[in-house]
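**Student:** Before I ask anything, here is the structure I am working with.
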Amino acid sequence: MRGLLIEKGILTADEIREAVERMDARGPHLGARALTRAWVDPVVCTLCSYYPRMVLGIPPDWYKSRAYRSRAVSEPRAVLAEFGTHLPNHTAVRVHDSTADMRHLVLPMRPAGTEGFDEARLAALVTRDALVGVTTL
């Protein structure tokens, strides 16, 4: 997939669609949430472990755990803090529930000080945990 951080820090809808088509992804739709300074978008599947496997591979055990699935909805700030993501009070948290029909990814913001980075160097900063919204770059 083209680097997840482009000039403005997000992929366009056409770029996401192109990347998914190039992977020959079939099945559920892939939705992308662009991270901003105003909100964060952790992803959870409250019923089981729907996960964007076509992009991220096998889900980590914590993603499938009952504790993560329930707490990410009921106390998302506490869960994010456990991953080292401490948010200012003014930052909104919008939890996205992946389903059998729709998987979600979070598109991280470009970190400060990376303006001169090329696509490969930016892509190297992106982690699985950032793409499911539990950490930031």
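The values are calculated or read from the model by the stated rules, or taken from the named source; none is laboratory data. Computed from a prediction, not measured in an experiment: that's the story for all the values here. Positions of Cβ are backbone-derived with ideal geometry, glycine not excepted, and every protein chain shown enters the neighbour counts.
**Student:** In region 99-110, how many residues are assigned to a loop (DSSP other than H, G, I, E, B) and either among the β-branched types (Val, Ile, Thr) or without any contact (Cβ under 8 Å) to a residue 60 or more places away in the chain (or both)? Spell out the reasoning first.
**Tutor:** Restricting attention to region 99-110, the residues satisfying the condition of being assigned to a loop (DSSP other than H, G, I, E, B) are 99-101, 108-110.
Those still in the list that are either among the β-branched types (Val, Ile, Thr) or without any contact (Cβ under 8 Å) to a residue 60 or more places away in the chain (or both) too: 99.
So the answer is 1.
**Student:** Turning to a different aspect of this structure: On the basis of being modelled with pLDDT of 85 or more, of a type outside the set (A, V, I, L, M) and surrounded by 15 or more Cβ atoms within 10 Å (Cβ to Cβ), does Thr127 make the cut?
**Tutor:** It is false that Thr127 is modelled with pLDDT of 85 or more, of a type outside the set (A, V, I, L, M) and surrounded by 15 or more Cβ atoms within 10 Å (Cβ to Cβ).
**Student:** Here's a check for you: in region 47-83, which residue that is among the aliphatic types (A, V, I, L, M) and either out of contact with any helix residue (DSSP H, G or I) (no Cβ under 8 Å at 6 or more places or on another chain) or surrounded by fewer than 12 Cβ atoms within 10 Å (Cβ to Cβ) (or both) is nearest to Ala100 (Cα to Cα)?
**Tutor:** Step one: filter region 47-83 for residues among the aliphatic types (A, V, I, L, M), giving 47, 54-56, 58, 67, 72-73, 78-81.
Now drop any that are not either out of contact with any helix residue (DSSP H, G or I) (no Cβ under 8 Å at 6 or more places or on another chain) or surrounded by fewer than 12 Cβ atoms within 10 Å (Cβ to Cβ) (or both), which leaves 47, 58, 67, 73, 78, 80-81.
Values: Leu47: 10, Ile58: 16, Ala67: 20, Val73: 18, Ala78: 27, Leu80: 24, Ala81: 28 Å.
Restricting to residues being among the aliphatic types (A, V, I, L, M) and either out of contact with any helix residue (DSSP H, G or I) (no Cβ under 8 Å at 6 or more places or on another chain) or surrounded by fewer than 12 Cβ atoms within 10 Å (Cβ to Cβ) (or both), the top hit is Leu47.
**Student:** I would also like to ask the following. Any residue in region 121-137 that is more than 13 Å from Pro60 (Cα to Cα) sitting within a Cβ distance under 9 Å of a residue that is among the charged types (D, E, K, R) and assigned to a helix (DSSP H, G or I)? List the pairs, counting only those 6 or more apart or interchain.
**Tutor:** Listed by first residue and then by second, the contacts come to Thr135/Asp129.
**Student:** Determine whether Leu137 is of a type in the set (A, V, I, L, M, F, W, C), part of a loop (DSSP other than H, G, I, E, B) and under 25 Å from Met54 (Cα atoms). Lay out the reasoning, then the answer.
**Tutor:** Working: of a type in the set (A, V, I, L, M, F, W, C): yes; part of a loop (DSSP other than H, G, I, E, B): yes; under 25 Å from Met54 (Cα atoms): yes.
Yes.
**Student:** Please give the number of the condition Thr85 fails out of (1) β-branched (Val, Ile, Thr); (2) in a helix (DSSP H, G or I); (3) modelled with pLDDT of 90 or more.
**Tutor:** Here Thr85 meets the rest and fails (2).
**Student:** To continue, here is another question. In region 21-46, which residue that is modelled with pLDDT of 85 or more and in a loop (DSSP other than H, G, I, E, B) is surrounded by the fewest Cβ atoms within 10 Å (Cβ to Cβ)?
**Tutor:** Thr46
**Student:** Of everything in region 57-96, what is of a type in the set (A, V, I, L, M), out of contact with any strand residue (DSSP E or B) (no Cβ under 8 Å at 6 or more places or on another chain) and farther than 14 Å from Thr136 by Cα? Give them in sequence order. Walk me through how you get there before you give the answer.
**Tutor:** Quick first cut of region 57-96, residues of a type in the set (A, V, I, L, M) only: 58, 67, 72-73, 78-81, 87, 92-93, 95.
Those still in the list that are out of contact with any strand residue (DSSP E or B) (no Cβ under 8 Å at 6 or more places or on another chain) too: 58, 67, 78-79, 81.
Ile58, Ala67, Ala78, listed by residue number.
**Student:** Starting from residues that are at pLDDT 85 or above and of a type in the set (A, V, I, L, M), keep the ones in region 106-121 and report whichever is surrounded by the fewest Cβ atoms within 10 Å (Cβ to Cβ).
**Tutor:** Ala112
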